[in-house]
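One structure is given below, encoded as structure tokens.
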Amino acid sequence: MFESQNGMLRNVLTRAVPGLAAQYARRVLDTVLQRAELRPADVSAWIMHAGGRDVLIALEREFKLNSACFRYSADMLREYGNLSSAFVYFVLEAALADDAPGGWWWLSSFGAGFSCHGALLKVGM
């Protein structure tokens with residue numbers, strides 16, 4: 001369910017959704033990294049669809065990363081609110097504008113029907 005709050009779109013989720021979203025996002029990441037023979041430590045920038053504050057917190061826990069790793073997602077969430085699956089492109093733009101370190105970037109988004117997608121990006125290498 002979505003609601004408008006202070007001019008921003010807010011996604012209202014049941015309590016189980018953030019944890020489930022993080023688990024599935026981790027599965028997608030692990031599958032792709034395994035195929036590429038990489039590890040999470042090889043990822044230099046995290047371009048994540050936050051899905052909301054609670055989802056972002058669950059992603060940090062599931063991925064065992066600190067909040068600084070998801071700063072672009074948190075910044076865009078604060079600035080624009082949840083923009084649905086297109087949100088990830090705003091995060092990507094923020095990382096590019098900030099000259100995030102090159103290397104392997106992980107881009108992941110949630111979509112319709114509670115789907116999760118991910119892509120390994122090779123940036124500046």
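The values are calculated or read from the model by the stated rules, or taken from the named source; none is laboratory data. Quick caveat: nothing in here was measured; it's all calculated off a predicted structure. Neighbour counts run over all protein chains shown; Cβ positions are idealised from the backbone, glycine included.
Name the residues in the stretch 61-84 that are in contact with an Asp or Glu (Cβ under 9 Å, 6 or more places away or on another chain) and closer than 19 Å to residue 5 by Cα, would you?
76
Provide a single number: the residues in the stretch 72-125 that are under 22 Å from residue 21 (Cβ atoms), at pLDDT 95 or above and among the charged types (D, E, K, R).
Qualifying residue count, the stretch 72-125: 1.
Among the residues of the stretch 43-57, are any β-branched (Val, Ile, Thr), closer than 17 Å to residue 82 by Cβ, surrounded by 18 or more Cβ atoms within 10 Å (Cβ to Cβ) and under 11 Å from the mean Cα position of the chain (by Cα)?
Residues of the stretch 43-57 that are β-branched (Val, Ile, Thr), as a first pass: 43, 47, 55, 57.
Remaining after also requiring closer than 17 Å to residue 82 by Cβ: 47, 55, 57.
Now drop any that are not surrounded by 18 or more Cβ atoms within 10 Å (Cβ to Cβ), which leaves 47, 55.
Retained after the next criterion (residues that are under 11 Å from the mean Cα position of the chain (by Cα)): 47, 55.
For the stretch 43-57, residues β-branched (Val, Ile, Thr), closer than 17 Å to residue 82 by Cβ, surrounded by 18 or more Cβ atoms within 10 Å (Cβ to Cβ) and under 11 Å from the mean Cα position of the chain (by Cα): present.
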